[in-house]
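Here is the structure we will look at.
The values are calculated or read from the model by the stated rules, or taken from the named source; none is laboratory data. Note that this is a predicted model, so its numbers are computed, not measured. For neighbour counting, all protein chains shown are included, and Cβ atoms are generated from backbone atoms with ideal geometry for every residue, glycine included.
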Amino acid sequence: MPSFDIVSEVNQVEVHNALDQTNKEVTNRFDFKGSDARVELNEKEKTLTVFADDDFKLGQVRDVLTGKLAKRGIDVRCLNAGDIEKVSGNKVKQSVVVRQGVEQELGKKIVKIIKDSKLKVQASIQGDAVRVSGAKKDLLQETIAVVRKAISDFPLQFKNFRD
């Protein structure tokens with residue numbers, strides 16, 4: 001029976017490379033001379049922490065980071081920025097979570113969208129992926145189109161397409 005998986009994956013190597021490029025550009029830019037602007041990666045928790053001297057510079061560093069991530073082929077919709085926190089004096093930091101995998105809530109939403117589309121396919125949540133199976137490849141391709149149209153705020157990939 002033909003099937004495929006709906007997943008959300010981020011290439012961690014490309015995230016690391018984009019992070020290095022961002023830090024290099026920030027240290028070389030004239031408007032950041034003498035500032036403590038940088039981006040750090042916590043690989044265990046899959047979070048980025050952006051440090052800067054003030055809110056404006058924080059926004060500038062975040063813009064550089066999203067530009068570098070986009071150039072490396074990483075969908076910036078997978079980033080979930082947290083609140084801006086004061087560190088010491090007027091220095092600020094912001095944690096940015098790199099979301100991976102289809103969360104339970106999003107998985108339920110995808111399954112509901114597929115069931116509401118009245119296509120003759122079965123969708124089931126399997127860990128951090130949604131498996132969709134059906135009798136014909138054409139139905140699966142229609143399902144992909146329906147899901148792409150309905151979910152636009154989160155990057156999804158369609159993998160393991162099997163006959």
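Taking residue 90, is it outside any loop (DSSP other than H, G, I, E, B), without any contact (Cβ under 8 Å) to a residue 60 or more places away in the chain, over 16 Å from the mean Cα position of the chain (by Cα) and farther than 30 Å from residue 147 by Cα? It is false that residue 90 is outside any loop (DSSP other than H, G, I, E, B), without any contact (Cβ under 8 Å) to a residue 60 or more places away in the chain, over 16 Å from the mean Cα position of the chain (by Cα) and farther than 30 Å from residue 147 by Cα.
Please go through region 93-111 and pick out each residue that is more than 13 Å from the chain's Cα centre (by Cα) and either acidic (Asp, Glu) or in a helix (DSSP H, G or I) (or both).
104, 105, 106, 107, 108, 109, 110, 111
Can you find a residue that is outside any helix (DSSP H, G or I), in contact with an Asp or Glu (Cβ under 8 Å, 6 or more places away or on another chain) and of a type outside the set (A, V, I, L, M, F, W, C) anywhere in region 58-79?
yes
All conditions but one from (1) at pLDDT 90 or above; (2) in the same structural domain as residue 50 (by TED's automatic domain parsing); (3) more than 14 Å from the chain's Cα centre (by Cα) apply to residue 133; the one that does not is (2). Here region 1-44 is the region considered, the condition is being touching a Ser or Thr at 6+ places or on another chain (Cβ under 7 Å), part of a strand (DSSP E or B) and not polar (S, T, N, Q), and the residue that is farthest from residue 127 (Cα to Cα) is 39.
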